[in-house]
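J.: The structure under discussion is supplied below as structure tokens; questions concerning it will follow.
Readers should treat all values here as calculations from the given coordinates under stated rules, not as data from a laboratory. The shown structure was predicted, so the numbers you read here are calculated from the model rather than taken from an experiment. With ideal geometry, Cβ positions are generated from the backbone for all residues, glycine too; neighbour counts draw on all protein chains shown.
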Number of protein chains: 2
Amino acid sequence: MNTASFDLREYLRQRVALVDEALTRYLPSEHLRPQVLHRAMRYSTMSGGKRLRPVLVIAGAEAVGGDAELVMPAACAVELIHTFSLIHDDLPAIDNDTLRRGRPTCHVQFGEAVAILAGDALFAEAFQLVARNAETVPAERVVRALQVVAEASGTRGMVGGQMVDIESEGKQVDAVTLEYIHRHKTAALIRASVVSGAILAGGETWQVDLLSRYGELVGLAFQITDDLLNVTGDPRKTGKAVGTDAARGKATYPALFGVEASRERARELVNAAVDTLVPLEERACALRALAYLMVEREE
Amino acid sequence: MNTASFDLREYLRQRVALVDEALTRYLPSEHLRPQVLHRAMRYSTMSGGKRLRPVLVIAGAEAVGGDAELVMPAACAVELIHTFSLIHDDLPAIDNDTLRRGRPTCHVQFGEAVAILAGDALFAEAFQLVARNAETVPAERVVRALQVVAEASGTRGMVGGQMVDIESEGKQVDAVTLEYIHRHKTAALIRASVVSGAILAGGETWQVDLLSRYGELVGLAFQITDDLLNVTGDPRKTGKAVGTDAARGKATYPALFGVEASRERARELVNAAVDTLVPLEERACALRALAYLMVEREE
């Protein structure tokens, strides 16, 4: 692979196919008890997601000389964590969303009790998959990856960010709090994806540190773009209604800084992320292309 | 320690004090953001639980020559998983319980959104603690313990059992389904507690296998006793109202087999569990005493 000839579209097609195939294999069968729980887990996981986080695990591994096969259980694990968080965030007590990617949300389809438990079960399944990565990778690396992924999921990461996001609804939010929400709710798991891929593939400390910085920068750029798409996006492409953040009084970048300044900030973050990749040379060409995708995406 | 002179009361006092001290240290500070989440996590965890599962992790380690200090992070991890499951089970969409151990349940005290996220955060924290055990124990053992604990928590364990329990409410349930619920909802995590302690302490395969059998037997006995206490217990001691299972049409041992046959079955299970411990000799004296406690307890 080299940057000049790198075809991101083809890269994504191949990697996403591998991830989808592995997810189907790893998720518990709908024929096993409790069937309704397994149906709900599959319904929410296999619903046409972009698989951004697992692709970042794979690209993180590739950037230090590993490959997709080596890190596939962990790649699927972060997708299950992402799916679990969507199911719980959609619940009536939290965001009360009834549609996601054009389909009824998990609790609308299966009821609230099943949705709560399906989220919990996906979270547990994710950590089983991280452990399973010890089949291909030394245990020391698996434990380090586990630490990174668990920390990024809990109160020091995704769940903590979601909590502050909810607390802030309808309130005047300052830049410090907005940054806190974005860093924790979204950037933490995106960063953990790249970093855990690199750790599992045996990346050296300087490589992992550099990819950690990359992950944080693209994670923030991703969330700012998400905020922008909620203002300016095409609902036929995003699969989401426009203006819902504003209607809910959510803390967002465009609300605080305006659309143009937010676009500019996202571009700056992506450029900085791409700069961090220089020492990794051609092996990081997928990460480089993925960084630009963060701000150029329409969904 | 030997069985003749073994003082279970003193043993529990010491071990529970160690666990409570470690939990206070491990849980995120209430002074750190998001404070309300951390308050909720502590409120539900530090509420006078029996600490049965962490004590079983410790006793499992001791039975193969380890000690409490060696396995403390994992011991606290299983207590956090137990607490997370109680918070989610108490939610309005599931059991809709408003009191636990004489205090308002998490969602009554903090609201449903906080309760859902506090459960999620405790689950994530638990896996961070399992990873942290690598500070005192080789990574290979940590990964094996992780696998056991994660499997016992998810759809092949606790969450799966809770799902079938909910599905079965108000229905005529056969012995196979009742056994499924008890094995998964309660026995799986109890078994995983003993087993993970033994694995982390470097137990040999024959020892771990034997403790796995012990854990399954006492786990079932524990749940049957729980069912019995719901029929015949003293609410001042159990901290729970009597007859709530029957009122909800829950699948229970006494409902299916009667009180006397259930008592007999619990005693048989405990005797079988104690028999499995013979090859471990005096090092298993705590596990032996804990097995009897499962059926003799009044709370």
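J.: Arrange the following residues from fewest to most other Cβ atoms within 10 Å of their Cβ: A:Arg13, A:Arg53. Walk me through the intermediate numbers first.
T.: Working: A:Arg13 10, A:Arg53 26.
Result, fewest neighbours first: A:Arg13, A:Arg53.
J.: When we measure straight from the Cα of A:Lys250, which aspartates and glutamates land under 18 angstrom away, once same-chain ones fewer than 8 places off are left out?
T.: Within the straight-line limit of under 18 Å, A:Lys250 reaches these aspartates and glutamates: A:Asp89, A:Asp90, A:Asp95, A:Asp97, A:Asp165, A:Glu167, A:Glu169, A:Asp174, A:Glu179, A:Asp226, A:Asp227.
J.: Using the Karplus curve 6.51 cos²θ - 1.76 cosθ + 1.60 with θ = phi - 60°, work out ³J(HN,Hα) for each residue of segment A:144-153 in order, rounded to whole Hz, and write x for Gly and Pro.
T.: 5, 5, 4, 4, 5, 6, 5, 5, 6, 8
J.: Here's something else I'd like to know. Counting other beta carbons within 10 Å of each residue's own, what order do B:His31, B:His88, B:His107 fall into, fewest first?
T.: On the way: B:His31 7, B:His88 28, B:His107 25.
Ascending number of Cβ neighbours within 10 Å: B:His31, B:His107, B:His88.
J.: Separate question: Shortest first and in nm with one decimal, please list how far the A:Glu296 label point sits from its counterparts in the other copies (point 7 Å along Cα→Cβ).
T.: 7.3
J.: How many angstrom lie between the C-alpha centres of segment B:97-159 and segment A:50-117?
T.: Distance between centres, Cα-based: 19 Å.
J.: Just flag the trypsin sites (Lys or Arg not before Pro) in segment B:69-164 sitting in loop per DSSP whose Cβ has no more than 10 other Cβ atoms within 10 Å.
T.: Details: sites: B:Arg100, B:Arg101, B:Arg132, B:Arg141, B:Arg144, B:Arg156; in loops: B:Arg101, B:Arg156.
Here no trypsin sites (Lys or Arg not before Pro) fit, given the DSSP loop and packing criteria.
J.: Next up: When N is the residue count of chain A, what does its C-alpha Rg come to as a fraction of 2.2 N^0.38 Å?
T.: 0.95
J.: In angstroms, what radius of gyration and Dmax does the protein assembly as shown have, counting Cα atoms only?
T.: Reported Rg and Dmax, both Å: 24.3, 78.
J.: Would you mind telling me which residue in A:Val231, A:Val71, A:Val218 has the biggest mean-square fluctuation in a Gaussian network model of chain A, where springs connect alpha carbons within a distance under 10 angstrom?
T.: Of the options given, A:Val231 has the highest mean-square fluctuation.
J.: On to the next question. In a shell of Cβ-Cβ distance under 15 Å around B:Ala63, excluding B:Ala63 itself, what net charge do Lys and Arg (+1) and Asp and Glu (-1) give?
T.: On the way: positive: B:Arg15, B:Arg191, B:Arg213, B:Arg283, B:Arg288; negative: B:Glu62, B:Asp67, B:Glu204, B:Asp209, B:Asp275, B:Glu281, B:Glu282.
Surrounding charge for B:Ala63 is -2.
J.: Still on this structure, please answer the following. Test of understanding: in a Gaussian network model of chain A with alpha carbons linked when under 10 Å, which of A:Ala93, A:Ala201, A:Ala115 would top the mean-square fluctuation ranking?
T.: Most flexible of the set in this elastic network: A:Ala93.
J.: Taking the number of other C-beta atoms within 10 Å as the exposure measure, put B:Phe123, B:Phe222, B:Phe110 in order starting with the fewest.
T.: Values: B:Phe123 28, B:Phe222 24, B:Phe110 21.
If I rank by nearby Cβ atoms, fewest first, I get B:Phe110, B:Phe222, B:Phe123.
J.: Show which lysines lie in cross-link reach of A:Lys237 when reach means a straight Cα distance below 17 angstrom and same-chain residues fewer than eight apart are skipped.
T.: A:Lys50
J.: Distances in nm, one decimal, shortest first, from B:Arg236 to the same residue in every other copy, taking the label point 7 angstrom along Cα→Cβ.
T.: 7.3
J.: Calculated from DSSP H runs of 4 or more alone, at -39500 (n - 2.57) each and per residue, what is the 222 nm mean residue ellipticity of chain B, nearest 500? Walk me through the numbers before you get to the answer.
T.: Details: 16 runs with 209 residues, N = 299.
After summing the helix terms and dividing by the residues of chain B, the value is -22000 deg cm²/dmol.
J.: Here is a further query. On the rotation axis linking copies A and B, which residue of A comes nearest by its Cβ, and by how many whole Å?
T.: Measuring from each Cβ to the axis, the minimum is at A:Ala139, 2.
J.: In addition: With an 8 Å Cα cut-off and a minimum separation of 6 or more residues, compute the relative contact order for chain A in percent. Mind showing how you got there, number by number?
T.: Values: 474 pairs, mean separation 64.1, N = 299.
Result for chain A is 21 percent.
J.: List the residues whose amide H sits under 5 Å from the amide H of B:Arg100, counting only those 5 or more places along or on another chain, with H placed 1.01 Å from N in the peptide plane.
T.: B:Thr105
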